[in-house]
Amino acid sequence: MKFIVLLLLSLCMLPFSKERVLKLPSFIIPLLFWVIVGSVEYFFLLDNNVSSVLVFYALLSGVCIFLSTLFPVVLEASFTKELLIKVGLSLLLGLSFIYFGMIHGLFTGKDRYEAVHHKSEEISELITEKDTPFVVPPETARNKMKKVFGNIDQVSYYELGELTPQNVNGEFVYVAPIESSSFMKARKAGHLPGYITMSGTDPDAEAELHNGFKMKYAPSLYFRHNLERLVRKSEPSVIFKGEPTLEIDDDGTPYYVMTYGNFVSGRSGFDPKGVVVINPQTGKVQKYTTKDAPTFIDGVVNDETADYLNETFGTMVHGVFNSWFSNTDVKEPTFYGEYETVTPIFAKDGSMYYFTDFTSPKEEIDSALGYSLVNGRTGEVVYYSGKQIDGVMDSSGAVEVVDNSFKKEKWTGTMPVLYNIYGNPSWLVPVVDNGGLIRAYAVVSGTNAKVFASGTTIKEALKKYNTALEKKTAISKPSSEIGKEKTIEGEVLRVFKETREDDETIVYILLKNQETVFVVSSVDFIYSKFVEVNDRVKITYKETGQLEVAVSDFVNMNLNK
C-alpha cells in the first residue's frame with residue numbers, strides 16, 4: 001500500500017502543460033524521486049506501512065512536486081492552475097512531515113506511558129549466599145571469549161559479535177555470534193562457523209567455542225544473506241526495535257531473534273508484541289507472540305526495548321512537556337547499565353529480567369527513587385519502591401563507594417545491581433582491574449555506605465556482609481522479618497579467630513551438637529577474643545536459616561563476661 005501512495009505522488013510530479021521552458025524530459029523528477037526512494041528502502045529496510053510516507057517521504061515528495069512546476073511555460077494560462085495545485089499539495093505534504101515527523105510525538109507522551117504494562121511491588125525476592133547471581137560483566141566475558149577466538153580456522157575472516165545473556169539448560173551464560181569482519185572476507189568465508197559461550201556466574205570459567213555450523217544469514221553478511229534484509233522480505237510490514245541478537249536452544253542450535261511490536265500513536269511509541277526467530281543456517285523465518293515464543297528464548301524483549309520501556313515509564317507519566325519543565329512525578333533511569341541503561345539479571349526460577357534504578361532529574365539528589373525489573377519474556381515493568389527503598393543510594397553512589405574502597409589497587413566497580421540481600425536493599429558490585437578481570441565482589445548497604453563487605457568470591461562477600469549487617473542494629477532491623485531472635489547455651493567445640501587490619505578480632509564459634517557457626521566481633525564483645533574450646537557460652541542471635549550467623553549478644557560463662 002505504501003508504494004501505491006508513492007506512485008500516486010510521483011504522478012503529480014509530471015507536468016500538466018504540454019510546452020516547457022526547460023528542455024528536459026518530463027519524467028526526470030519522478031525518476032530522481034524513485035531513485036532516492038529505492039536507495040532509502042534498500043539501505044534502511046523501512047517497513048511497508050503507509051504511515052512511513054508521512055515521516056520519511058512527505059518532505060521529499062513535496063519538494064519534487066514543487067520542482068516540477070519549473071517545466072510548464074510561465075505565461076500559459078494552464079500554468080496558473082498547475083502552480084496552485086502543486087504548491088498547495090507541496091505545502092500540505094510539508095506540513096504533514098512537520099506534524100507527524102516532528103510535532104506529533106510531543107502530544108503522545110501520556111499515551112506511550114499508558115501503553116507500558118507495569119505494576120508496583122515493595123521489594124524484589126530475597127537472595128542469600130546460597131544463590132548464584134549473574135555477576136560476570138560483559139567486558140570480562142568478552143575478554144575470555146577472545147582467548148578462544150584464535151582457535152577458529154581462518155580467524156582473520158571473522159570478529160566477535162554482540163554478547164547476549166541467556167539461560168541455557170539452567171546455566172546462565174553469555175552467547176556471542178562469530179560475525180564477518182568485512183565484505184571481501186565474507187565472500188571468501190561463504191558462511192559463519194558458529195558462536196562462543198561464557199559463564200555469566202563464574203569469572204574463572206573458560207569460554208567455549210561452538211563451531212561446525214554453516215550460518216549463511218547474519219547481520220554482518222551482505223545482499224541476500226544479510227539477516228535483516230531476509231527478515232524484511234519475509235515480514236515487510238512488521239515494526240522492529242533494536243538489533244538482532246543470537247540465542248541458542250537447549251541443544252545448542254543457534255537462532256537470531258528480533259523484537260517486534262506496534263506503534264502506540266502514529267509512528268511514536270512502541271508496544272512489544274513478540275519476536276521473529278531466524279534460523280541462520282536455513283534462512284527460515286518464524287513470527288511468534290510473547291505468549292507463543294519458544295521457551296529457550298529469554299530475550300523476547302531485547303535490551304533496547306527494555307531501555308525504551310523504562311524511559312517511557314519513568315518520564316512520560318504526565319506527558320512530554322511535564323518531563324521537560326515541571327518534572328512532577330518524573331524519575332529518570334540511571335546510566336550505569338551494561339546494555340543501554342539496563343543490566344540483565346536472572347531470578348531464582350531462571351527467568352531473565354533487565355534491572356534499572358531510577359533517580360530524580362534534580363542534580364542535587366543522588367538517592368534512588370526505586371528500581372525496576374523488566375521481564376525479558378513479556379516486557380512487563382515491575383517497579384519496586386516500598387518503604388525499604390526510601391533513601392537508598394543510586395547506582396552511581398554505589399560505584400563511587402566501591403571505587404574509593406579500592407583506590408589503592410586502582411580497581412573499579414562495574415555492573416551495579418540492587419538486590420534484596422538478607423532482607424535489606426543492597427548493591428552487589430563486581431570489582432575489576434584495568435583489563436576487565438574480576439578481582440573482587442563488593443556488597444554495599446543501600447541505606448548506609450559504611451555497611452560494606454568484599455570478598456574474592458560471591459559467597460565470601462555475602463557472608464562478610466551478613467556479619468556487617470548484624471553488627472549494625474539500625475541496619476539489621478529489617479532482617480527480623482527473616483527470622484526470630486533466639487538464645488542458646490552450649491559448650492565450645494571449635495573456635496577460630498581472625499584478626500583484621502583495624503585490630504578487630506572476628507571469632508568463629510562452633511558449639512557441640514550444633515551446625516550453625518556463630519560469628520562474634522571483639523569490637524562489640526571485647527572478651528570474646530579469650531574464648532577457648534570447652535568454654536560454656538551463652539549466645540543470642542537471629543535464626544535466619546544460614547549456616548553462619550552474627551550474634552547480637554554474647555556471654556562467656558566461664559569468665560562471666
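The values are calculated or read from the model by the stated rules, or taken from the named source; none is laboratory data. As the structure is a computational prediction, the values presented were derived from the model and not from experiment. Here the Cβ is made from the backbone with ideal geometry for all residues, glycine too, and neighbour counts use every protein chain on show. Remember, those area values only see protein heavy atoms, side chains included, never the ligands or the DNA or RNA. Shrake-Rupley method; radii C 1.70, N 1.55, O 1.52, S 1.80 Å.
Observations
- Restricting the calculation to Cα atoms, every distinct pair contributes to the Kirkwood radius of segment 135-190, found to be 12.5 Å.
- Within straight-line cross-link reach of Lys538, lysines at Cα separation under 19 Å, skipping those fewer than 8 residues along the same chain: Lys471, Lys484, Lys486, Lys497, Lys512, Lys529, Lys561
- Measuring how big segment 270-395 is from its alpha-carbon positions, Rg and Dmax come out at 16.5, 55 Å.
- In percent, rounded to a whole number, the relative contact order of the chain is 10, using alpha-carbon pairs under 8 Å and six or more apart.
- Considering only the Cα atoms of segment 362-412, their convex hull presents on average a projected area of 5.4 nm².
- Across all C-alpha atoms in the chain, the radius of gyration and Dmax reach 30.9, 118 Å.
- Averaging over all projection directions, the Cα-based convex hull of segment 486-561 occupies 4.5 nm² in the image plane.
- Ratio of the Cα radius of gyration of segment 164-218 to 2.2 N^0.38 Å, where N counts its residues: 1.31
- Residue-normalised accessible area of segment 296-385, given per residue in Å² at a 1.4 Å probe: 37 Å²
- Highest average packing first - 454-461, 393-400, Cβ atoms within 10 Å: 393-400, 454-461
- At q = 0.12, 0.16, 0.20 Å⁻¹, base-10 log of I(q)/I(0) for segment 175-264 (Debye sum, equal scatterers on each alpha carbon): -0.45, -0.74, -1.02
- Kirkwood Rh and Cα Rg combined as Rg/Rh, segment 253-306: 1.01
- Too-long pairs where the Cα-Cα distance tops 30 Å, listed order kept, from Lys410/Lys464; Lys130/Lys273; Lys273/Lys331; Lys146/Lys185: Lys130/Lys273
- Segment 165-214 and segment 405-470: distance between their alpha carbon centers, rounded to Å: 30 Å
- Excluding ligands, DNA and RNA, the accessible surface per residue across segment 484-561 is 59 Å² with a 1.4 Å probe.
- Along principal axes, Cα extents of segment 151-303, largest first, whole Å: 49, 37, 24
- Computed over segment 409-468, Kirkwood Rh from alpha-carbon pairs, angstrom: 11.4 Å
- Once the 1.4 Å probe is applied to the protein heavy atoms, segment 184-295 comes out at 46 Å² accessible per residue.
- Globularity index of segment 347-478, i.e. its alpha-carbon radius of gyration over 2.2 N^0.38 Å: 1.05
- Protein-only accessible surface order, largest first, of Phe149, Phe496 at 1.4 Å: Phe496, Phe149
- Helix 2-11 vs. the chain, principal-axis angle (Cα, 0 to 90°, nearest 10): 30 degrees
- Cα-based helix-to-principal-axis angle, 395-405 vs the chain, degrees rounded to 10: 50 degrees
- Here the Karplus relation 6.51 cos²θ - 1.76 cosθ + 1.60, evaluated at θ = phi - 60°, turns the backbone of segment 291-308 into coupling constants of 6, 9, 4, x, 5, 6, 8, 7, x, 4, 9, 7, 5, 5, 5, 4, 4, 4 Hz, with x for every Gly and Pro.
- According to the Cα-based calculation, Rg over Rh for segment 99-239 is 1.10, with Rh computed by the Kirkwood formula.
- Axis of helix 138-149 versus longest Cα principal axis of the chain: the two differ by about 80°, to the nearest ten degrees.
- Within the accessible area of segment 197-317 (1.4 Å probe), percent carbon and sulfur: 43 percent
- The calculated 222 nm mean residue ellipticity attributable to helices in the chain amounts to -7500 deg cm²/dmol, summing -39500 (n - 2.57) over DSSP H runs of n ≥ 4 and dividing by all residues.
- Relative contact order %, segment 239-380, counting alpha carbon pairs below 8 Å whose residues are six or more apart: 18 percent
- With all pairs of different C-alpha atoms in the average, the Kirkwood value for the hydrodynamic radius of segment 213-269 is 12.9 Å.
- Take 174-186, 284-296 and order them by the average number of nearby Cβ atoms within 10 Å per residue, most first; the result is 174-186, 284-296.
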